[in-house]
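The values are calculated or read from the model by the stated rules, or taken from the named source; none is laboratory data. Note that the structure is a prediction, hence the values are computed from the model and not measured. Don't worry about glycine lacking a Cβ; one is built from the backbone with ideal geometry, like all the others, and counts go over all protein chains shown.
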Amino acid sequence: MATPSPGAIDCDVHITVPDGRVLLPHLDEYWREHILARGLERESYEISAYPLNAPANVRPDWKPAKGPPGSDPAMLSAMLDAFGTRQAICNVLHGGQIVFSEDMGAAWCRAINNWVAAEWLDRDPRLRASIAVPLHSPELAAREVERLAGDRRFVSVLLLAMAEMPLGRRPYWPLYRAAERHGLAIAVHAGSAFRHAPTSTGWPSYYIEDVVVQSSGFAAALASLIAEGVFVEFPNLKVVFLESGVTWLPSTLWRLNKTWRGVRAEVPWLDRPPAAYVRDHIRLTMQPFDAPPAAAQLDAILAQIGSDEMLLFATDYPHWHFEGTDALPDGLAPALTRKILVDNALNTYPRLAA
């Protein structure tokens, strides 16, 4: 692994809501009283169920002395200093996004976004953020995007790969329309809204199963976005896959193109092979990067992807995928490294360049 040069743009760092109490000042009066009456403020609503000290949650040197991983602003700023990071995009994974009550989900998300702006973005000018939205209501999600559109520090909208419906379905389009209109990318993170099992054959028993099948969730989301015509309807929209891995993509592109040739009559809006839309609109972060053991194999995978504009630098702070500052795979050409660290992010998130 290699150390990124200073000035990189980190497209995926995680900040954590330690518990509901910190969100109370950012709720309106009705929801503050409602949440206190039900005792909901005592929980963190962390979406992940991984053990607190597991590498999937935190690496040892990024574990704060107090509170859950990702909850200490000073520790995040120190990490940015160590990498010489120019900008970092914060993503909050919180159960408020997936509660079945759409109104409560919208209230939680408003509070989360207000808290992120006040307690994180205001403290460190290098920080940017994704907008947390209620995943079960695209209409309310679009309203939250409209509410925050004036704050240019929000650069994307956060979704989960395995939601209630495939992400290309038309009920989501009001959200995509709002995002495109305001120059926001769609950030799709590994995870589930827990309406359906993460596998096609039911609920798994173990963490290893859950982690491994996440890539199939991303493949399904990718196929849906392409087949439903999202990028035909919204030609300026970019979708970033966070923590999806990368090496699953070449075989998926091959299968999409092959199948499209046989059944293209049912999707007449696709006037190019699916892989062309993917290369224009989909981006993937590099942590965790499922790199092959040899540099020559990595070159082959990148050639099969067919674009040097799709990969984005990320540390996935505070999760543990690499040691120290060795965040990039070995063997990348200098020109590609520059694109991964800086140029691709600027081309993906219009608000970063501004």
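Do the conditions hold for G191, that is, is it in a helix (DSSP H, G or I), over 24 Å from P350 (Cβ atoms) and under 14 Å from the mean Cα position of the chain (by Cα)? Criteria not met by G191.
Residue-by-condition table, conditions (1) assigned to a strand (DSSP E or B); (2) touching a Pro at 6+ places or on another chain (Cβ under 9 Å); (3) crowded, with 16+ Cβ neighbours inside 10 Å:
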{"site": "L159", "(1), (2), (3)": "yes, no, yes"}
{"site": "L167", "(1), (2), (3)": "no, no, yes"}
{"site": "Y176", "(1), (2), (3)": "no, yes, yes"}
{"site": "I208", "(1), (2), (3)": "no, no, no"}
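If a residue must be within 27 Å of Y206 (Cβ to Cβ), in a loop (DSSP other than H, G, I, E, B) and in contact with a strand residue (DSSP E or B) (Cβ under 9 Å, 6 or more places away or on another chain), how many such residues does segment 58-109 contain? Adding up the residues that qualify gives 6. Given the structure, is A74 under 30 Å from I340 (Cβ atoms) and either of a type in the set (A, V, I, L, M, F, W, C) or in contact (Cβ under 8 Å) with a residue 60 or more places away in the chain (or both)? Yes: the conditions hold for A74.
Would you call Y45 closer than 22 Å to V211 by Cα, touching a residue at least 60 places away in the same chain (Cβ under 8 Å), touching a Gly at 6+ places or on another chain (Cβ under 6 Å) and surrounded by fewer than 21 Cβ atoms within 10 Å (Cβ to Cβ)? Considered against the rule, which asks whether it is closer than 22 Å to V211 by Cα, touching a residue at least 60 places away in the same chain (Cβ under 8 Å), touching a Gly at 6+ places or on another chain (Cβ under 6 Å) and surrounded by fewer than 21 Cβ atoms within 10 Å (Cβ to Cβ), Y45 comes out as yes. Out of curiosity, is I47 β-branched (V, I, T), touching a Leu at 6+ places or on another chain (Cβ under 9 Å), at pLDDT below 85 and under 24 Å from G191 (Cα atoms)? Yes, satisfied.
When the criteria are applied in full, L222 meets the requirement of being at pLDDT 95 or above and under 22 Å from M286 (Cβ atoms). On inspection, A291 does not qualify as aliphatic (A, V, I, L, M), at pLDDT below 90 and loosely packed, with under 15 Cβ neighbours inside 10 Å.
When the residues of segment 2-26 are filtered to those that are in contact with a Gly (Cβ under 9 Å, 6 or more places away or on another chain) and among the hydrophobic types (A, V, I, L, M, F, W, C), the one that is nearest to W108 (Cα to Cα) is L23. Residues in segment 271-278: is at least one hydroxyl-bearing (S, T, Y), surrounded by 15 or more Cβ atoms within 10 Å (Cβ to Cβ), modelled with pLDDT of 85 or more and closer than 30 Å to I15 by Cβ? Checked against the condition, which is being hydroxyl-bearing (S, T, Y), surrounded by 15 or more Cβ atoms within 10 Å (Cβ to Cβ), modelled with pLDDT of 85 or more and closer than 30 Å to I15 by Cβ, segment 271-278 yields no hits at all. Within segment 1-32, the set of residues being of a type in the set (A, V, I, L, M) and modelled with pLDDT of 90 or more comprises A8, I9, V13, I15, V17, V22, L23, L24, L27.
Residue check: P235 meets all listed conditions (1) over 18 Å from A142 (Cβ atoms); (2) touching a residue at least 12 places away in the same chain (Cβ under 8 Å); (3) part of a loop (DSSP other than H, G, I, E, B); (4) not aliphatic (A, V, I, L, M) but one, namely (2).
Residues checked against (1) among the charged types (D, E, K, R); (2) touching a Ser or Thr at 6+ places or on another chain (Cβ under 7 Å); (3) modelled with pLDDT of 95 or more; (4) over 25 Å from P171 (Cβ atoms):
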{"site": "R59", "(1), (2), (3), (4)": "yes, no, no, yes"}
{"site": "A78", "(1), (2), (3), (4)": "no, no, no, yes"}
{"site": "A111", "(1), (2), (3), (4)": "no, no, yes, no"}
{"site": "V116", "(1), (2), (3), (4)": "no, no, yes, yes"}
{"site": "S130", "(1), (2), (3), (4)": "no, yes, yes, no"}
{"site": "L140", "(1), (2), (3), (4)": "no, no, yes, no"}
{"site": "L148", "(1), (2), (3), (4)": "no, no, yes, no"}
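W108 meets each of the listed conditions (1) more than 21 Å from D316 (Cβ to Cβ); (2) of a type outside the set (S, T, N, Q); (3) without any contact (Cβ under 8 Å) to a residue 60 or more places away in the chain apart from (3). Screening K258 on (1) charged (D, E, K, R); (2) touching a Ser or Thr at 6+ places or on another chain (Cβ under 8 Å); (3) modelled with pLDDT of 95 or more shows it passes everything except condition (2). Within the option set S224, S216, being surrounded by fewer than 19 Cβ atoms within 10 Å (Cβ to Cβ), under 17 Å from L159 (Cα atoms) and touching a Leu at 6+ places or on another chain (Cβ under 8 Å) holds for one residue only, S224.
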